[in-house]
Amino acid sequence: GKLVNSIPKSVDEAYDKILNRARDFTLCRHLLHLVLAARRPLSIADMNVAFHIKEGMRSTLNLDLEADARFKERIRDLCGLFITIVNDDVFLIHQTAREYLVRFETCTGHKSVWKHSFSPEESEFLIAKCCILYLRFAEFRMDNPFLIKSNVKYREYICPGNGYKRKNALRGYSATLKSAQRKASKTSPMFSIELPFFDYSSNFWLEHFSDKEALDGSALNLAIDLCDPRSRYFTRWVILRFDRIHRRLTTGPDEGLLTFSRLM
């Protein structure tokens with residue numbers, strides 16, 4: 001009789017029971033926000049970075065990451081069966097779990113501290129900030145090969161008028177990228193050149209950013225810096241996101257995205 005009485009009477013009640021066992025309410029919500037907002041499933045390695053990144057960090061050396069196996073256990077400790085891991089990618093247990101968590105305009109009052117308590121705007125804000133902070137790590141700084149440093153404060157674009165040719169810029173682009181990769185692997189030997197969460201951040205930070213109207217001032221300023229071709233935080237993510245950038249640089253009438261203005 002006790003066993004039968006303990007069976008949840010609805011899916012909502014089952015989800016309540018799972019999440020009410022969470023050992024750390026705040027961290028559980030933080031992780032669920034990331035899963036809800038992600039445009040594609042985050043791998044364990046991606047989630048490890050996104051989960052641990054905080055304001056003030058400047059390098060992957062600042063990240064207090066856990067071994068992947070331990071982090072899987074951490075996820076289970078935080079969220080129980082609500083999160084499932086398939087081929088090292090992190091998912092909600094079922095589509096109904098998303099419907100249970102997310103608060104939409106049509107949602108009415110509820111008694112549960114979990115049901116319909118996740119604002120999509122808050123989830124977008126959280127993951128957008130993770131991406132923006134990460135793309136400004138030291139490992140991803142790279143000079144734009146189409147900019148000439150005429151002095152410390154000013155950079156001008158390469159153009160035929162100043163005697164620079166496209167092939168010189170492309171040679172500089174290749175050399176600078178290789179140098180940046182070598183530096184990243186030496187600085188953070190635990191990472192491969194393809195650092196976790198960098199591919200995701202490069203490809204999706206703009207989507208998260210454009211969907212969020214209320215980014216605080218500090219995050220907004222950091223995002224503007226990522227959009228400035230004269231900034232050292234611009235080139236690497238642009239090259240990765242637009243995977244045909246090299247072809248565009250070599251065949252187009254101009255230098256393409258690397259010579260965009262900040263406004264563009």
- prompt: Taking segment 13-33 as the search range and keeping residues that are of a type in the set (Asp, Glu) and touching a residue at least 12 places away in the same chain (Cβ under 8 Å), which one is farthest from residue 46 (Cα to Cα)?
  reply: 16
- prompt: So, of the residues in segment 87-99 that are closer than 17 Å to residue 43 by Cα and in contact (Cβ under 8 Å) with a residue 12 or more places away in the chain, which turns out to be least open to solvent (accessible area, probe 1.4 Å)?
  reply: 90
message: From the list 21, 39, exactly one residue is under 24 Å from residue 219 (Cβ atoms) and surrounded by fewer than 17 Cβ atoms within 10 Å (Cβ to Cβ). Which is it?
response: 39
message: I'd like the full set of residues that are in contact with an Asp or Glu (Cβ under 9 Å, 6 or more places away or on another chain), buried (at least 17 other Cβ atoms within 10 Å of the Cβ) and part of a loop (DSSP other than H, G, I, E, B), limited to segment 42-86.
response: 42
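Consider residue 189 carefully, then state whether it is more than 26 Å from residue 123 (Cβ to Cβ) and at pLDDT 80 or above. Show your work before the answer.
Working: more than 26 Å from residue 123 (Cβ to Cβ): yes; at pLDDT 80 or above: no.
Answer is no for this residue.
The values are calculated or read from the model by the stated rules, or taken from the named source; none is laboratory data. Please read all numbers here as calculations on a predicted model, not as lab measurements. Positions of Cβ are backbone-derived with ideal geometry, glycine not excepted, and every protein chain shown enters the neighbour counts. What goes into the accessible areas is simple: the full protein's heavy atoms, side chains included, and nothing from ligands, DNA or RNA. Shrake-Rupley method; radii C 1.70, N 1.55, O 1.52, S 1.80 Å.
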